[in-house]
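Engineer: Below: one structure in structure tokens.
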Amino acid sequence: MATAESKGEGNAWFKIFEEGYDSSSKKWCTDKLIANKGKLDITIPGDIKAGSYFLRTEIVALHGARRVGQCQFYPNCAQLEVTGGGSAVPDGVALPGYYKSDDPGI
């Protein structure tokens, strides 16, 4: 997520959720998305400061990732309003630019 005030520029993006391979079910998060027709419920942490935010989702496709630079990213964004009494605005990273082609898993 990033505050709308930041316009998503600079070190604005902070992570609130991540899911990859679930060893107990032996399924990837994409399997869950397919089974739920593209829907995935997540909870925004209750300590996040109220305000307007951008929510960025991303699927990282690794089927071509045996070679450096062949990982595929599928991002999507939505604008939302967070309400409540939290005060946290976690430190963020810049997107694009955070991932490097030789990062493990990329």
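The values are calculated or read from the model by the stated rules, or taken from the named source; none is laboratory data. Here the structure is a predicted model, which means the values were calculated and not measured. Virtual Cβ from ideal backbone geometry, glycine too; neighbours counted across all protein chains shown. For accessibility, only protein heavy atoms count, side chains too; no ligands or nucleic acids. Shrake-Rupley method; radii C 1.70, N 1.55, O 1.52, S 1.80 Å.
Engineer: So what is the relative contact order for the chain, in percent, with contacts set as C-alpha pairs under 8 Å and at least six apart?
Structural biologist: Relative contact order comes out at 33 percent.
Engineer: What's the ranking of 10-18, 35-43, 92-100, 48-56 by average number of surrounding C-beta atoms within 10 Å, highest first?
Structural biologist: Result, highest mean first: 48-56, 10-18, 92-100, 35-43.
Engineer: Nearest-5 percent of antiparallel DSSP beta bridges in the stretch 49-106?
Structural biologist: Counting only bridges with both partners in the stretch 49-106, antiparallel ones make up about 90 percent.
Engineer: Measure off, as a whole percent, the carbon and sulfur share of the 1.4 Å-probe accessible area of the chain, all protein chains present.
Structural biologist: Solvent-exposed carbon and sulfur of the chain make up 51 percent of the total.
Engineer: Could I ask something else about it? Going down the table (LYS27/LYS100; LYS15/LYS39; LYS15/LYS100; LYS49/LYS100), which pairs top 28 Å between alpha carbons?
Structural biologist: Listed pairs above 28 Å: LYS49/LYS100.
Engineer: Starting from the Cα gyration tensor of the chain, take the square roots of the eigenvalues, sort them a ≥ b ≥ c, and report rounded, prolate or oblate (rounded when a/c is under 1.5, otherwise prolate if a/b is larger than b/c, else oblate).
Structural biologist: Working: a/c = 2.25, a/b = 1.39, b/c = 1.62.
Oblate, because a/c is 1.5 or more while a/b does not exceed b/c.
Engineer: If you take every DSSP beta bridge fully contained in the chain, what fraction is antiparallel? Give it as a percent rounded to 5.
Structural biologist: DSSP beta bridges in the chain are roughly 90 percent antiparallel.
Engineer: Rounded to the nearest 500, what is the chain's calculated 222 nm mean residue ellipticity when only DSSP H runs of at least 4 contribute -39500 (n - 2.57) each, over all residues?
Structural biologist: -1500 deg cm²/dmol
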